[in-house]
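These notes concern the structure reproduced below.
The values are calculated or read from the model by the stated rules, or taken from the named source; none is laboratory data. Quick caveat: nothing in here was measured; it's all calculated off a predicted structure. Positions of Cβ are generated from backbone atoms using ideal geometry, with glycine treated the same way; all protein chains shown enter the neighbour counts.
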Amino acid sequence: MQFRYFIVAAILVCVSFELIFHHYLNRLKPNETPGYYHCKDAPRDRYSGIKNETIQYGRIKSGRKYAVFGSSIHDRVSTNYAFDLPLTAMAWKRIGFDSIIIIVGDPQQHKQQRWIQYLMDTLTDEDHIVVIVLKNVPACKATSISQVSRLFAASLLNYDKNDATMRDIYLITADADIWPIAKDFFVLPPGMDILHGNIGKIHRGNLVAIHAPLSYVGMSIRTWYDIMTQSGSLPMPNTTDEIVNYFGDSFRDNVTHGGRGWGIDQVMISLRLHQWRLNNRKGTQRIYVYQRQFGADRIDRANWPKAPIDISRAIDSHILKNCYQANQWKRLMPLVAQLHTDTDSKKWSERYSQHFNELVIASE
């Protein structure tokens, strides 16, 4: 009899806790979204129960430099970029950068696809990686969302200028399949506020702006926030739905290479940078526009060299597709060995590649 009373009491306690928890969630402010927590503070599988919100694993730290890149995990095709994420983060760590990785996909897939679970476990186990998970929107390609969301990293991180932990943070946009090599190229020169490249001009009526490639645009998190919230700009988005609405009709349909909406993120940041130049005294003098010779300073997949690979003149490398496949990994490994000379990093890379490939094959 006493045992029955104990069971009933336990059930009542659980129900009471559940009601209190949901009451707490309902009282959250918009920027305190349920599911916004850190993986080190919560069970790893908790993200699978969160709906329609942004989820963050890990914490950004004051005084750090971060590369911002991402990938979708919406289908089997996305393994091409998703596999690269931990390895690209390791390449950035080599030159002194932590990584903010934006992943777009249905959280329920994390338990349905073992390669996705393995990827998430790998990313969230690393202290130098902050992971942001955005839900997918069926009307848009998840890959496109993961690309344009780099513009809104400050907002997705809930940037607050009064938060001391967010001071002196440097963000630079990057790509999942491009590894940095030169150590000094990606850092702001002294006295400069912004770093970006130049691939031509953008014309909008009488306006002529420098066309800045999204890899690489670097500035402090404060400057990122200021640029993306200049007068006339929409509020910074925090969710996938808000990102889609931010770009309007041009981004509601599937975005294809060369089609409507393609490159809209580069156009937007180029126009925002132009506006910042005009709005800030000596704005032009405070922006460093780097120059590239892609044929000479990039190790490119289109003309992949045979081993041994010389990295002495390279700024970065556009790595091979589907690197988790055994034949592609064999071609990539000489570059891995050049970048990471310690035995532990090379062994870890080998194990990660082999296990990822096994899980992908098992899912077919």
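Results for (1) under 30 Å from TYR324 (Cα atoms); (2) at pLDDT below 95, shown as yes or no for each residue.
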{"site": "ASP175", "(1), (2)": "yes, no"}
{"site": "TRP179", "(1), (2)": "yes, no"}
{"site": "LYS183", "(1), (2)": "yes, yes"}
{"site": "PHE186", "(1), (2)": "yes, no"}
{"site": "GLY191", "(1), (2)": "no, yes"}
{"site": "ARG204", "(1), (2)": "no, yes"}
{"site": "LEU214", "(1), (2)": "yes, yes"}
{"site": "VAL217", "(1), (2)": "yes, no"}
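Criterion applied to VAL131, VAL77 was being touching a helix residue (DSSP H, G or I) at 6+ places or on another chain (Cβ under 9 Å) and either surrounded by fewer than 20 Cβ atoms within 10 Å (Cβ to Cβ) or small (Gly, Ala, Ser) (or both), and the one residue passing it is VAL77.
Considering every residue within segment 305-315, establish whether at least one is among the basic types (Lys, Arg) and under 30 Å from ALA212 (Cα atoms). Yes: segment 305-315 contains one or more residues that are among the basic types (Lys, Arg) and under 30 Å from ALA212 (Cα atoms).
Being at pLDDT 90 or above and in contact with a Leu (Cβ under 9 Å, 6 or more places away or on another chain) holds for only one residue in ARG301, ARG351, and it is ARG301. Among the helices (runs of 4 or more DSSP H) confined to segment 37-114, the ones with at least 2 residues that are out of contact with any Lys or Arg (no Cβ under 6 Å at 6 or more places or on another chain), over 16 Å from ASP125 (Cβ atoms) and at pLDDT 85 or above are located at 79-82, 84-94. Under the condition of being among the β-branched types (Val, Ile, Thr) and outside any loop (DSSP other than H, G, I, E, B), which residue from segment 288-315 is surrounded by the fewest Cβ atoms within 10 Å (Cβ to Cβ)? Filtering first and then ranking leaves VAL289. From the list PHE97, PHE83, the lone residue that is aromatic (Phe, Trp, Tyr), surrounded by 21 or more Cβ atoms within 10 Å (Cβ to Cβ) and under 21 Å from HIS355 (Cα atoms) is PHE83.
I need a count of the residues in segment 145-181 that are on the phi < 0 side of the Ramachandran plot, part of a loop (DSSP other than H, G, I, E, B), touching a residue at least 24 places away in the same chain (Cβ under 8 Å) and exposed (fewer than 15 other Cβ atoms within 10 Å of the Cβ). Walk me through it before giving the result.
The initial filter retains those residues of segment 145-181 that are on the phi < 0 side of the Ramachandran plot, namely 145-157, 159-167, 169-181.
After this cut, where a residue has to be part of a loop (DSSP other than H, G, I, E, B) as well, the list is 157, 159-163, 167, 169, 174-177, 181.
Then drop every residue that is not touching a residue at least 24 places away in the same chain (Cβ under 8 Å), which leaves 157, 159, 161, 167, 169, 174-177, 181.
Next, from what is left, pick out any that are exposed (fewer than 15 other Cβ atoms within 10 Å of the Cβ): 161, 167.
Final tally of qualifying residues: 2.
Going by the conditions given, is VAL187 aliphatic (A, V, I, L, M), in a loop (DSSP other than H, G, I, E, B) and surrounded by fewer than 22 Cβ atoms within 10 Å (Cβ to Cβ)? Answer is yes for this residue.
Collect the residues in segment 274-287 that are loosely packed, with under 15 Cβ neighbours inside 10 Å and outside any loop (DSSP other than H, G, I, E, B), keeping them in residue-number order. Selection gives LEU278, ASN279, THR284, GLN285.
Of the residues that make up segment 327-336, is at least one over 20 Å from ALA82 (Cα atoms), surrounded by 18 or more Cβ atoms within 10 Å (Cβ to Cβ) and not basic (Lys, Arg)? Looking for residues that are over 20 Å from ALA82 (Cα atoms), surrounded by 18 or more Cβ atoms within 10 Å (Cβ to Cβ) and not basic (Lys, Arg), one finds none in segment 327-336, hence no.
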